[in-house]
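Visitor: Got a structure for you, written out below as structure tokens; questions coming shortly.
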Amino acid sequence: MLAPVHAEEAVRHVVERVVQVRDYLGRQILLENVSSDLGYAHSSMPEWEFLSAIATGADCLILLDLNNIFVSARNHDFDPMTYLNAIPADRVAQFHLAGHRDHGDYIVDTHDAAIIDPVWALYRAAVRRFGHAAAMIERDDEIPPLADLLAELEVARRYYAEARGRSYALRPGKQHRSTVVEYSRKNSANKSAVARQLMDIPMKKNAAFKPRFFHR
């Protein structure tokens, strides 16, 4: 999945197609920022301007992948906060969090490792800037034990509460309706074991949140 050339012509190209999809579905859709490890000589604007122009022109929302911002920032040597602060606050509807692989002079968005502290810092900053938005932790490979996954969920909940100026205390058996974990079909055996354990977690009757597994 390659990032497109960041130029006015590409903005118009994407906007036209997003509008077609939006009109066909009859509802507003979300676009996600991708990670990249290369740039184009013909790009005439930074990615954050490109994404913002598309969201405004197509009247769509943004699924802001914070790990992708971190990955691209490292690979292209820009400040991730510059990206974050340039995105229209009223366009962000969801956050993605994930781990990546560091290869020294570049990093790759792999969804197979724990979320690192700088990405958590971006999440806290994003919550402060954009307010409430659902958060999803993506994990496509190297699925860890359930306890490790739940520990990351607790970190997300705690950082969300702190960024919103609220106190947070873990309540056993309580699931947060705005945080889910995404799995791929890889590691199906471990995923099934985690799924069985999740289904055993006590939940409130008629709770709005149910454990969900998204397949790619």
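A short reminder: the numbers here are calculations on the coordinates, not readings from a lab. Keep in mind that this is a model prediction, so the values were computed, not measured. With ideal geometry, Cβ positions are generated from the backbone for all residues, glycine too; neighbour counts draw on all protein chains shown.
Visitor: Which whole-angstrom value gives the distance between the alpha carbon centres of region 79-101 and region 138-156?
Guide: 21
Visitor: R0 = 35 Å: FRET efficiency of His132 with Tyr106, Cβ-based, nearest 0.05?
Guide: Numbers: r = 34 Å, r/R0 = 0.96.
Taking R0 as 35 Å, the efficiency between His132 and Tyr106 is 0.55.
Visitor: Mind running the shape call on region 39-118? Use the C-alpha gyration tensor, a ≥ b ≥ c as the square roots of the eigenvalues: rounded below 1.5 for a/c, prolate if a/b tops b/c, oblate otherwise. Let's see the in-between values first.
Guide: Values: a/c = 2.25, a/b = 1.37, b/c = 1.64.
Note, shape of region 39-118 comes out oblate.
Visitor: Stretch Arg27-Asp117 to full length: gain in nm at 0.36 nm per residue minus the Cα-Cα span?
Guide: Between Arg27 and Asp117, full extension yields an extra 28.8 nm.
Visitor: Please list, ordered by chain and number, the residues whose modelled amide H lies under 5 Å from the amide H of Asp65; skip anything fewer than 5 residues away on the same chain.
Guide: Amide H to amide H, under 5 Å and 5 or more residues apart or across chains, Asp65 pairs with Asn33, His96.
Visitor: Rounded to the nearest 0.05, what FRET efficiency do Asp141 and His42 give with R0 = 41 Å and r taken as the Cβ-Cβ distance? Could you check?
Guide: Values: r = 34 Å, r/R0 = 0.82.
That gives a FRET efficiency of 0.75.
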